[in-house]
Amino acid sequence: MIVKRRASITGWGKCVPPVKLTNDDLEQLVDTTDEWIVARTGISERGISHVEVTDLAEVAAHRALAAAGLEPTDIDLLVVATVTPEITCPSQACYLQERLGAVNAAAFDLNAACSGWVYGSATVASMIEAGIADRVLLIGAEKLHFVMDYYDREQCILFGDGAGAGVYEASTAGDGVLASDIGADGVAGRTMVIPTLGTAGELSQRREPSDARLHFEGQAVFKLAVRGMEGSVRRALDRAGLGVDDVDLVVPHQANLRIINSVTRRLGVPPEKVMLNIATHGNTSAASIPMALADAVDQGRIEPNSIVVQTAFGGGLTWGTTVMRWGDRVEAIAKSDVELPPCDKSVFELLADNRAFFAPLHQEQAEN
Ligand SMILES: CC(C)(COP(=O)(O)OP(=O)(O)OC[C@H]1O[C@@H](n2cnc3c(N)ncnc32)[C@H](O)[C@@H]1OP(=O)(O)O)[C@@H](O)C(=O)NCCC(=O)NCCS
């Protein structure tokens with residue numbers, strides 16, 4: 001009998017910045033209310049990082065490695081999904097490899113925006129199935145507040161910072177990623193854009209406030225997200241030979257509670273099978289699913305051999321889904337004592353540079 005080699009998650013961890021931006025705080029920055037934000041998005045607070053992306057990723061990585069009972073040197077591939085890498089070259093993954101001392105790991109970054117974790121899961125699962133890698137550390141890490149305009153109430157309420165990590169290991173026991181679906185629509189990509197952090201335009205304009213922030217068309221993205229994730233979950237389940245009733249837990253990208261509710265209602269997944277942590281983290285892009293997955297395991301929402309569906313939608317536009325059978329172990333082998341350094345600044349102090357940078361844009365708009 002041929003035993004299929006699959007990629008199974010054996011370690012999980014997350015890192016959340018200690019400083020929170022609450023809806024009450026946002027009421028002091030833009031014309032909004034806690035009631036509006038909670039009703040339209042399900043978000044109450046989000047993390048604002050006082051450290052760099054590498055620091056967030058490093059803590060999440062140590063926690064996932066400890067949960068898997070592995071050392072950094074055991075890893076043979078390290079992939080970081082992010083749209084906010086600390087620098088362009090070396091990659092965020094190589095930067096992190098150095099920090100972790102994961103000297104035996106190949107390393108590269110992957111940009112599929114909020115679908116980055118699912119694209120990453122599909123990629124590393126394929127590489128494990130092909131025998132290219134045995135033990136992979138996949139990380140989603142973002143410092144999104146860097147590209148947020150905290151004068152723009154439509155965007156700054158949604159996003160937060162954080163990192164999530166998972167260890168994928170080769171398994172021949174029947175557990176692991178059973179099927180994946182990934183897709184993209186570059187034409188619709190114009191509905192969500194971060195112009196800079198690339199080489200487009202004049203060198204002298206690279207830090208123009210209007211180019212340095214996220215732009216999106218909220219309602220267009222909302223509709224595309226619902227349709228995109230529903231279709232992707234159906235295709236991935238079909239490929240796995242499973243139906244919606246076989247699913248034990250859906251871990252969706254935490255973009256907006258109303259998007260999640262629409263997708264799962266259309267699929268026929270009951271609320272008790274949907275993992276949510278958006279209220280306390282907001283949308284952390286590529287970090288959102290691994291952060292939710294870590295919470296799901298730690299809260300006992302995943303049992304041995306559970307069928308777990310991860311699904312996401314994001315900039316690009318991109319979408320993706322993985323269907324996996326969890327392994328036998330749902331307890332961490334060990335816990336890491338690595339922590340972020342403490343922060344002695346208030347959230348308003350952390351956002352002061354950002355507000356100063358984007359202020360001229362809004363003065364210009366008010367004058368025109
Ligand atoms: C952005 C989003 C929350 C807006 O919610 P919505 O229900 O579509 O709201 P609308 O855009 O229809 O705006 C309704 C009204 O609320 C106002 N509004 C927008 N943001 C507001 C805020 N933070 N507080 C108060 N009012 C706000 C709008 O100006 C509009 O006012 P108007 O009717 O006077 O013009 C929602 O479209 C969304 O989540 N989209 C997806 C964005 C996203 O997650 N992108 C990343 C995906 S990975």
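Where a number appears in this text, it was derived from the coordinates with a stated rule and is not lab data. The structure displayed is predicted, hence computed values, not measured ones. A quick note on method: Cβ atoms are made from the backbone with ideal geometry, for glycine too, and the neighbour counts reach across all protein chains shown.
Once both labels are positioned 7 Å from their Cα atoms along Cα-to-Cβ, the gap between ILE2 and VAL338 label points is 3.9 nm. If you take the alpha carbon atoms of segment 212-281 and fit the smallest convex hull around them, that volume is 105 Å³ per residue. Each Cα pair of segment 7-68 feeds into the Kirkwood radius, which the Stokes-Einstein equation turns, at 20 °C and 1.002 mPa s, into a diffusion coefficient of 156 µm²/s.
Extending 7 Å from Cα along the Cβ direction at ASP185 and again at ASN261 yields two label points whose distance is 2.4 nm. Extending 7 Å from the Cα toward the beta-carbon at both VAL103 and GLU217 defines two label points whose distance is 5.2 nm.
Return the tail of the calculated pair distribution for the chain, meaning the percent of Cα-Cα pairs more than 38 Å apart.
13 percent
If you add up the charges near PRO209, with Lys and Arg at +1 and Asp and Glu at -1, over every other residue whose beta carbon is less than 10 angstrom from its beta carbon, what do you get?
-2
Where both bridge residues fall in segment 45-183, DSSP classifies roughly 45% of the beta bridges as antiparallel.
Working ranking of peptides 79-90, 122-133 by packing, defined as the average number of other Cβ atoms within 10 Å per residue, highest first, is 79-90, 122-133.
The value for segment 236-368 of Rg(Cα) / (2.2 N^0.38 Å) is 1.37.
For segment 207-261 versus segment 269-332, the inter-centroid distance based on Cα atoms is 12 Å. Counting Lys and Arg as +1 and Asp and Glu as -1 over every other residue whose Cβ lies under 12 Å from the Cβ of PRO85, the net charge comes to -3. Averaging 1/r across all pairs of distinct Cα atoms in segment 281-323 and inverting the result yields a Kirkwood radius of 11.6 Å.
Restricting segment 247-341 to GluC sites (Glu not before Pro) that sit in a DSSP loop and have at most 14 other Cβ atoms within 10 Å of their own Cβ leaves GLU331, GLU339. Within the shell of other residues whose beta carbon sits under 13 angstrom from the beta carbon of THR311, the net charge comes to +3, with Lys and Arg scored +1 and Asp and Glu -1. The alpha-carbon atoms of segment 142-269 define a convex hull whose volume equals 149 cubic angstrom per residue.
If you take the Cα centroid of segment 13-69 and the Cα centroid of segment 119-157, the two points sit 15 Å apart. Classified by the C-alpha gyration tensor, segment 1-151 has a prolate form. Its axis ratio a/c, with a ≥ b ≥ c, is 1.5 or above, and a/b is larger than b/c. Based on DSSP loop calls and a cut-off of at most 12 other Cβ atoms within 10 Å, the longest stretch of the chain free of exposed trypsin sites (Lys or Arg not before Pro) is what? Here the longest segment lacking exposed loop sites spans 5-206.
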